[in-house]
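Peer 1: Take a look at the following structure, please.
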Amino acid sequence: MKIMKRPNILLTGTPGVGKTTLGKELAQRTGLSYVNVGDLAQEGQLYDGFDDEYQCPILDEDRVVDELEDKMGDGGMIVDYHGCDFFPERWFNIVFVLRTDNTVLYNRLENRSVLAPPLPVSASVVFSRAIKKGYTGKKLQDNIQCEIFQTIYEEAMEAYKEEIVHQLPSNDPEDLERNLEQIVQWIEQWTKDNN
Ligand code: DAT
């Protein structure tokens, strides 16, 4: 039996633009596999040093590429990461750069909660404000600047053929639904054309 060829898709953009939300739902609707590069690195400890300024581990890009290489060769992967210039160009059939208006993104990042251990109900009420650790200060400002200067879009345009790089607005639930429908259609067409 011949196995259907399926495309590899990159979802990229500034943190908070909605890559994970879109990627997971897209995987549900299409049966493609979703990979969050941040989670993959965390699980495999694919790090190379620690960034003191941002207080976070530094991604070991070579090990991430090695880890994903076989799966990418099989096709049918949706990859989610807030960077894109270290993946081999040949991996992706299409690249989507999600874009969010500054004020919307600012609110999303400020309200983003980091995973906190579960607390008893009474305690969680008392501490709910204290444990809500959204992005603040330099990290918040840098991410907003990253979006204003369309840093990731330019990175994508440098790293891939311009004609496979597409920007998608990602401000509200209507945008999400429209993006899902468009990408599902694109996958169906690609699959027809390549099998
Ligand atoms: P990313 O993976 O790019 O960091 P996310 O998927 O975690 O972003 O989304 C960040 C937050 O924004 C999360 O609370 C879900 C929300 N969100 C994502 N896409 C959205 C959309 N199109 N409309 C409204 N909210 C959205």
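Peer 1: Taking segment 160-190 only, how many residues are closer than 21 Å to Phe87 by Cα and part of a strand (DSSP E or B)?
Peer 2: 4
Peer 1: Hey, can you tell me all the residues within segment 25-70 that are of a type outside the set (A, V, I, L, M) and within 16 Å of the ligand (Cβ to nearest atom)?
Peer 2: Glu25, Gln28, Arg29, Tyr34, Asn36, Gly38, Asp39, Gln42, Tyr54, Cys56
Peer 1: Output yes when any residue across segment 25-33 is closer than 19 Å to Trp186 by Cα and assigned to a loop (DSSP other than H, G, I, E, B), and no when none is.
Peer 2: Looking for residues that are closer than 19 Å to Trp186 by Cα and assigned to a loop (DSSP other than H, G, I, E, B), one finds at least one in segment 25-33, hence yes.
Peer 1: Check segment 49-58 and report whether any residue there is open to solvent by less than 20 Å² (accessible area, probe 1.4 Å), of a type in the set (A, V, I, L, M) and either over 20 Å from Ile187 (Cβ atoms) or part of a helix (DSSP H, G or I) (or both).
Peer 2: Restricting attention to segment 49-58, the residues satisfying the condition of being open to solvent by less than 20 Å² (accessible area, probe 1.4 Å) are none.
Within segment 49-58 (the criterion being open to solvent by less than 20 Å² (accessible area, probe 1.4 Å), of a type in the set (A, V, I, L, M) and either over 20 Å from Ile187 (Cβ atoms) or part of a helix (DSSP H, G or I) (or both)), the answer is no, since none of the residues qualifies.
Peer 1: Something else about it: Residues of segment 24-75 being polar (S, T, N, Q), touching a residue at least 40 places away in the same chain (Cβ under 8 Å) and within 30 Å of Lys138 (Cα to Cα), which ones?
Peer 2: The one that is polar (S, T, N, Q), touching a residue at least 40 places away in the same chain (Cβ under 8 Å) and within 30 Å of Lys138 (Cα to Cα): Asn36.
Peer 1: Oh, and also: Which one of these is surrounded by 19 or more Cβ atoms within 10 Å (Cβ to Cβ), of a type in the set (A, V, I, L, M) and either within 29 Å of Asp175 (Cβ to Cβ) or touching a residue at least 24 places away in the same chain (Cβ under 8 Å) (or both): Ile78, Ile94? So that I can check it myself, show each step before the final result.
Peer 2: On the way: Ile94 fails: surrounded by 19 or more Cβ atoms within 10 Å (Cβ to Cβ).
Selected residue: Ile78, the only one of Ile78, Ile94 that is surrounded by 19 or more Cβ atoms within 10 Å (Cβ to Cβ), of a type in the set (A, V, I, L, M) and either within 29 Å of Asp175 (Cβ to Cβ) or touching a residue at least 24 places away in the same chain (Cβ under 8 Å) (or both).
Peer 1: Applying the selection to segment 15-24, what residues are within 7 Å of the ligand (Cβ to nearest atom) and either within 14 Å of Leu109 (Cβ to Cβ) or open to solvent by 10 Å² or more (accessible area, probe 1.4 Å) (or both)?
Peer 2: Pro15, Gly16, Val17, Gly18, Lys19, Thr20, Thr21, listed by residue number.
The values are calculated or read from the model by the stated rules, or taken from the named source; none is laboratory data. Only a predicted model underlies this, so the values are computations on that prediction, with no experimental measurement involved. Glycine also receives a Cβ, built like all others from the backbone with ideal geometry; neighbour counts cover every protein chain displayed. All accessible areas refer to the heavy atoms of the entire protein, side chains included, with ligands and DNA or RNA removed. Shrake-Rupley method; radii C 1.70, N 1.55, O 1.52, S 1.80 Å.
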